[in-house]
Amino acid sequence: MKSFIHLKLSCDTVDAMKSVDAAKKPHIRDVDLKKPVTALAITARSERISSLARKTYNVLLHLSQNDKEAGHDREVHTAPLSDIVHLLEYDSNDLNLIKKHLKSMISTVVEWQSPTTGEGTDWEACGLLAHCKIRKQRAEVWVDWSFAVNLRSELLNPTIFARIKMEVVSQLRTHPAVFLYELACRYQNIGRSPRQPWRWWHDPMTGRIPDAGRLEKLEYSFFKRDTLKPAIAEVNAASPFEIELVEHRRGRYISEVQFSIKKKAVDANADRKVPEKADLQSIHIARQLGIPDERIEHIVETYGNEALITALPELSRRVQSAYPEPVRDPTRYLVSIMPGHATQATRAASEKAARTMPTSSQALASKTQRQLAWRNAWTSQRLDVIEADFKAMSAAEQEALTQQVINAMETAGLHSQIIKRLRKDGWQHPLVKSKFLGTYAEAAFGANWNQPSDQELLTVAATMGDIGLA
């Protein structure tokens, strides 16, 4: 009898550990990936990239970034195959297909690029993975993988990236749709993608190996019908974006295309409500207080998990104090305080949602700040070019133009100390340099020399993103 009881307890313990391990796995709706911009428009060089391969690579990248953020600076990453399948939301029993794609990533050579010209690090063509190993350990299949040395740092800690919702990616079926959704994530704050020749989009979008002869024979009408329109429709149906194709003509023919990107007023995924579950920590605390799991599930369904998280500490304090009398029924007491906590949770959620609304003061301020930063960056680049052109002139030309700029400053009534400093120390003195170049630029290029065009501002915005912004 004693051995039977011991065996039963051991089995119960194993089952409990399994349930805890399952609860530890994050739901895909909570998983975001910071994908480097240089990895968005990769072009296959050895074999075609499928949608499942791209999704699997995203999962491996997410798990590797988690390792890095947790302080584990590993060259070789490892995870159970079950975790990878869980994050893929893979609904097939054919795990051999995933294993095949994992191994093929070593031999899949790609060229790394960004849709925005000149953006990102210059990487040589190399494999998606440096190595990948599938092994069995204690009756469980594990996957080991690593990235090429020359791109590992930027992949795990990217400076410019798109924040990808893995839940949306899991709903997309085709490679063009996955590519287009990732592109929309990158340029959502700008409202449109870069403008490129339509043939440029074909290979990154389809995952096919470049073939100049095939591309030359391809007609735009077929590319639009077979690739662009189905991908746009798929992304619009499954994501929070509304994407439109923008065509640019040269004469009678379409020469370049780009994509208009708008956020939907109401997220199409909001109707697909997932039943809310209590988190593992709340279940543990509730069990210690003597509350059955089934009652916790019912409470969470009624009032929400956020309300439960704040209510349990109050119940715990009340049980420990036993004042003015001991709590006879913890479950009943918890139910009695849940409405108040639910109200607080609803108010907090509403305030958070209001802050993220495009019309909120915080969102408008952030938008203004971004636009100012992009304009300042463009002006700085413009001044650098003007300065380089000025330095390239002969000494006689520089002297003559300097005198003309001084005359213009005096005519404009500029402060005498600035002009005095300019005469004494020259135009490159830090106190007068920007004013000198600005006055020279206005005289040479007109009053609008510091007004960027929409396309110029788009290029700077795509390069900068939100870098340096709070």
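The values are calculated or read from the model by the stated rules, or taken from the named source; none is laboratory data. If you're wondering where the values come from, they're calculated on a predicted model, not measured in any experiment. As a convention, Cβ positions derive from the backbone with ideal geometry for all residues, glycine included, and neighbour counts pool all protein chains shown.
For the reader, a short list of remarks on this structure follows.
- Segment 142-178, residues that are out of contact with any strand residue (DSSP E or B) (no Cβ under 8 Å at 6 or more places or on another chain), within 24 Å of residue 76 (Cβ to Cβ) and either in a strand (DSSP E or B) or of a type in the set (A, V, I, L, M, F, W, C) (or both): 147, 149, 156
- Checking each residue in segment 137-158 for being under 13 Å from residue 82 (Cβ atoms) and buried (at least 18 other Cβ atoms within 10 Å of the Cβ) picks out only 143.
- Members of segment 380-399 that are more than 47 Å from the chain's Cα centre (by Cα) and loosely packed, with under 12 Cβ neighbours inside 10 Å: 394, 395, 396, 397, 399
- Looking only at segment 279-320, residues that are at pLDDT below 85, among the acidic types (Asp, Glu) and part of a helix (DSSP H, G or I) come to 4 in all.
- Within segment 179-204, the set of residues being of a type in the set (Lys, Arg) and either closer than 28 Å to residue 74 by Cα or not assigned by TED's automatic domain parsing to the domain that holds residue 32 (or both) comprises 186 only.
- Residues (hydrophobic (A, V, I, L, M, F, W, C) and either buried (at least 21 other Cβ atoms within 10 Å of the Cβ) or part of a loop (DSSP other than H, G, I, E, B) (or both)) located in segment 45-77: 49, 53, 59, 60, 61, 70, 76
- Residue within segment 234-242 that is farther than 30 Å from residue 68 by Cβ, part of a strand (DSSP E or B), acidic (Asp, Glu) and modelled with pLDDT of 90 or more present: yes
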